[in-house]
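Quick notes on the structure that follows.
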Amino acid sequence: MHVMVLGAGVTGVTTAWYLRQAGFDVSVVDRQPGAGLETSFANGGQISVSHPEPWANPGAPLLALRWMGRPDAPLRFRPQPDLAQWRWALSFLRECLPWRTRHNTEAIAALAIHSQRELHRLRSAAGIEHEFDSRQQGILHLYFTQEDFAQASTRADELARLGIDARVSSAADCIAIEPALANAAPALHGGLYAPGDESGDAMYFTRALAQVLARDGVRFHYETRIERLEHTGGLINGVMVRDSNGRPDMLVANAYVVCLGSFSPLMVRALGEQLPIYPVKGYSVTAPVLDPTRAPQVSLTDESRRIVCSRLGDRLRIAGTAELNGYDLSIDPARGKGILEWAQARLPGAIDPAKAQLWTGLRPATPGNIPIIGKGRGVNLWLNTGHGTLGWTLACGSAEILAGLMRGRRPPIAFPVRGA
Ligand SMILES: Cc1cc2nc3c(=O)[nH]c(=O)nc-3n(C[C@H](O)[C@H](O)[C@H](O)COP(=O)(O)OP(=O)(O)OC[C@H]3O[C@@H](n4cnc5c(N)ncnc54)[C@H](O)[C@@H]3O)c2cc1C
């Protein structure tokens, strides 16, 4: 049976891997000239099992109000005359209810733990352990206000309940864990250290895995823009595409999996499917390390500013900000400057700012940050999409679950799959 994966981001390529492992004949279609070139290109690099709490939580509406009008606000809502945006924002508010947050956090934690286990299996089975600047030194969550740090011990207890190890750490403990934080010491109130977390370059991983799959017989149709799904009576007959010269073609398979990130809802809308996914724009800065003793090896999360930082070989990646502003990918230099200033203030002398590369990507976010995995509308249509802030963390587990569902297996964890 031939399965066509639509999208070659980290979600699509890991899906192709698990489908191949499950014995399917697999092909992948993407408009870019290679794998991992859109949202999976320059994300924060964290495999962040210790961050299952979604943005939608009981404190979020008040926080968003407090941040309104601040140029360095981690979260920004730019209202558009777009029904999808308003519908998403209202659903987001519903997901802020305490019981919804609790349900979402538990589901994400289970998937994240499963996903990390699968990542470990996959990277050694595919032989790509050394291909993506991977680092298994944990994530240190940092608190720069006493008010924020006061929440650390409740959060550690909650994570322990979910089976995730995280230790409350004093400012001195934080510097012992990551000596490059020495210059941040005066402003630091403390941290929460999750030793089991890790980091790595999602794009390098995706590219390396795609190469392994191509060698193994998976066909990649790059520079191929998908225009629409052709369907009759609930059956997808093929995918109408155009190559880079604008030539139309129809690609045909027995089943199709949608892994198109933020663009997934646009593709399935014609089938009467309303996917609650909206693009949430974020920024990252990648810069060469200038002084290795000043650049952290442990991945960092500034909980007070919602900024993450990962060492990727001889580069440092710093990422953050969230903007609800449609599909706009233009770069606002002020947003990038804020991230770069964070690095210079907290890790002075670590990177070369003159060589910093600014990037922006669209997180395919569902209101509760729960990805949509399972059956789509259409007999032979499947979905693995909507991974929001955690697509790199959740990729392998989501793909394993989807491939299992297509073989008629229930998920090995408690996770709400779609229509199966
Ligand atoms: C600033 C930022 C920081 C982040 N940090 C982290 C982090 O530290 N840890 C973490 O776990 N996650 C992080 N994320 C989230 C993570 O990057 C995403 O969830 C993940 O990359 C989504 O992967 P995807 O494969 O679903 O989407 P994408 O990578 O966007 O892949 C979708 C693919 O579909 C293709 N496509 C779309 N439309 C068409 C079409 N019409 N025709 C053909 N092809 C099409 C695109 O070319 C693309 O390759 C971050 C995101 C951002 C923006």
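Considering the stretch 213-243, the residues that are touching a Leu at 6+ places or on another chain (Cβ under 9 Å) and without any contact (Cβ under 8 Å) to a residue 24 or more places away in the chain include one that is farthest from the ligand (Cβ to nearest atom), namely Asn237.
Of the residues making up the stretch 24-33, at least one is surrounded by fewer than 23 Cβ atoms within 10 Å (Cβ to Cβ) and near the ligand (Cβ under 9 Å from one of its atoms). Taken over the stretch 5-21, the criterion of being outside any helix (DSSP H, G or I) and either more than 6 Å from the ligand (Cβ to nearest atom) or of a type in the set (A, V, I, L, M, F, W, C) (or both) is satisfied by Val5, Leu6, Ala8. Scanning the stretch 182-207 for residues that are open to solvent by less than 10 Å² (accessible area, probe 1.4 Å) and within 18 Å of the chain's Cα centre (by Cα) turns up Asp197, Glu198, Ser199, Gly200, Asp201, Ala202, Phe205, Thr206.
Only one of the listed residues (Gly386, Gly391, Gly419) is in the same structural domain as Gly36 (by TED's automatic domain parsing) and either within 18 Å of Ser91 (Cβ to Cβ) or free of Cβ contacts under 8 Å to residues at least 60 places away in the same chain (or both). That residue is Gly386.
Out of Pro61, Pro54, one residue alone is open to solvent by less than 40 Å² (accessible area, probe 1.4 Å) and of a type outside the set (Gly, Ala, Ser). It is Pro54. Right, Ser304: outside any strand (DSSP E or B), among the small types (Gly, Ala, Ser) and more than 27 Å from Arg135 (Cα to Cα) or not? Criteria not met by Ser304. Among the residues of the stretch 294-321, those identified as within 10 Å of the ligand (Cβ to nearest atom), modelled with pLDDT of 95 or more and of a type in the set (S, T, N, Q) are Ser299, Thr301, Ser310. Residue count for the stretch 249-286 under the criterion of being assigned to a strand (DSSP E or B), closer than 17 Å to Arg225 by Cα, within 13 Å of the ligand (Cβ to nearest atom) and open to solvent by 10 Å² or more (accessible area, probe 1.4 Å): the result is 2.
Among the residues that make up the stretch 69-82, is at least one of them of a type in the set (Phe, Trp, Tyr), free of Cβ contacts under 8 Å to residues at least 24 places away in the same chain and open to solvent by 30 Å² or more (accessible area, probe 1.4 Å)? No; the residues of the stretch 69-82 include none that is of a type in the set (Phe, Trp, Tyr), free of Cβ contacts under 8 Å to residues at least 24 places away in the same chain and open to solvent by 30 Å² or more (accessible area, probe 1.4 Å). Can we say Ile113 is closer than 27 Å to Glu147 by Cβ and either surrounded by fewer than 20 Cβ atoms within 10 Å (Cβ to Cβ) or in the same structural domain as Trp359 (by TED's automatic domain parsing) (or both)? So Ile113 does not fit the description; no.
The values are calculated or read from the model by the stated rules, or taken from the named source; none is laboratory data. These numbers come from a predicted model, not from an experiment. Here Cβ is always computed from backbone atoms with ideal geometry, including for glycine, and neighbour counts include all displayed protein chains. Just the protein is used for accessible areas: all its heavy atoms, side chains included, with ligands, DNA and RNA removed. Shrake-Rupley method; radii C 1.70, N 1.55, O 1.52, S 1.80 Å.
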